[in-house]
Amino acid sequence: MPPLVYYKCAICKMTRDSYEEAARCEKSHLAAVSVKELEYRLGAYPFRVLLVFPDGREREYVIAD
């Protein structure tokens with residue numbers, strides 16, 4: 001039985017059939033250039049944050065309780 005070889009994106013953990021596909025997947029993910037805390041609740045961590053990406057787009061994330 002031949003071994004099964006696959007490659008995994010280090011960021012999203014998706015498996016790919018080739019190294020090139022996995023490397024292309026890793027490069028496709030954007031890292032935030034800044035994080036702004038929008039709201040705190042009880043505790044030390046923010047409840048809502050705004051991420052700004054290199055292309056100028058912004059995404060707001062809210063912790064789901």
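The values are calculated or read from the model by the stated rules, or taken from the named source; none is laboratory data. As the structure is a computational prediction, the values presented were derived from the model and not from experiment. For neighbour counting, all protein chains shown are included, and Cβ atoms are generated from backbone atoms with ideal geometry for every residue, glycine included.
Things worth noting here:
- Unmet criterion (only one of (1) touching a residue at least 12 places away in the same chain (Cβ under 8 Å); (2) in the same structural domain as Tyr61 (by TED's automatic domain parsing); (3) more than 17 Å from the chain's Cα centre (by Cα)) for Arg48: (3)
- Looking across segment 1-35, the residues that are in a helix (DSSP H, G or I), of a type in the set (D, E, K, R) and either more than 11 Å from the chain's Cα centre (by Cα) or modelled with pLDDT under 95 (or both) come down to Glu20, Glu21, Arg24, Lys27.
- When segment 36-50 is filtered for residues that are assigned to a loop (DSSP other than H, G, I, E, B) and hydroxyl-bearing (Ser, Thr, Tyr), only Tyr45 remains.
- Counting only residues that are exposed (fewer than 11 other Cβ atoms within 10 Å of the Cβ) and among the charged types (D, E, K, R), segment 40-50 holds 1 of them.
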